[in-house]
Amino acid sequence: METDHTTAYIGLGSNLGDRAGNLLLAVRGLLEASLVVQRLSAIYETEPIDLDTDRKFLNMAVEVRVADISPTQMMARLLRIEYLLNRKDKSIKTSRTIDLDILTYGNLIMDTPFLTLPHPRLHLRKFVLCPLAEIAPNLVHPQSRREIADILSSVDDQSDVRRWDPNQAVDREPAANGRLNQAEKLDL
């Protein structure tokens, strides 16, 4: 007997500590939570939106396949991963080591005190739409019935979202000659 599978999309973000490392640990957490990771987007560096910080985020999207896990159970697993990665403060307007959001869960539409699907701000946020459009441009938003690539092309959000280049991520001053010396290159 074959088990029914559901495809879900998760948004990941981090703007505290080792941002890229936090994303990697979160993906590992997804695997350990029995979510089958199908596709990963590239990592994007993005401006914080509606937060009391100037710290830039790293964001990405993940496609997972789930079986025998309800959306509520999946959200509980994501909250557990956040907790294990030191996200203790769930207030919306603060920096965070990791943020995990279910963007869509199949074509399900639900609105409970614990979980709203699809994510209520998915269609408004370029930092979510860019990585999601990379891995699922033809995904149809369950409420608007529009493809993600189409939503991205018409979103009003003008924030800066660009593909992250880890080689440009060194936050230190170059040596006097304008270049990093070999020891500095190895101490990233």
Checked the range 111-134 for anything in a helix (DSSP H, G or I) and crowded, with 19+ Cβ neighbours inside 10 Å; matches are Leu122, His123, Lys126, Phe127, Val128, Leu129, Cys130, Pro131, Leu132, Ala133, Glu134
Could you go through the range 158-180 and let me know if any residue there is closer than 18 Å to Leu35 by Cβ and either at pLDDT below 85 or hydroxyl-bearing (Ser, Thr, Tyr) (or both). no
Within the range 4-45, of all residues that are closer than 17 Å to Arg125 by Cβ and β-branched (Val, Ile, Thr), the one surrounded by the fewest Cβ atoms within 10 Å (Cβ to Cβ) is Ile43
Checked against (1) modelled with pLDDT of 95 or more; (2) under 15 Å from Val128 (Cβ atoms), Glu47 satisfies every condition except (1)
Filtering the range 92-149 down to residues that are without any contact (Cβ under 8 Å) to a residue 40 or more places away in the chain, farther than 17 Å from Pro71 by Cα and of a type in the set (Ser, Thr, Tyr) yields Ser144
Inside the range 1-30, the number of residues satisfying the requirement of being touching a Phe, Trp or Tyr at 6+ places or on another chain (Cβ under 9 Å), outside any loop (DSSP other than H, G, I, E, B) and in contact (Cβ under 8 Å) with a residue 40 or more places away in the chain is 8
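The values are calculated or read from the model by the stated rules, or taken from the named source; none is laboratory data. Being a predicted model, the structure only gives us computed values, none of them experimental. All Cβ positions, even for glycine, are placed from backbone atoms using ideal geometry, and neighbour counts span all protein chains on display.
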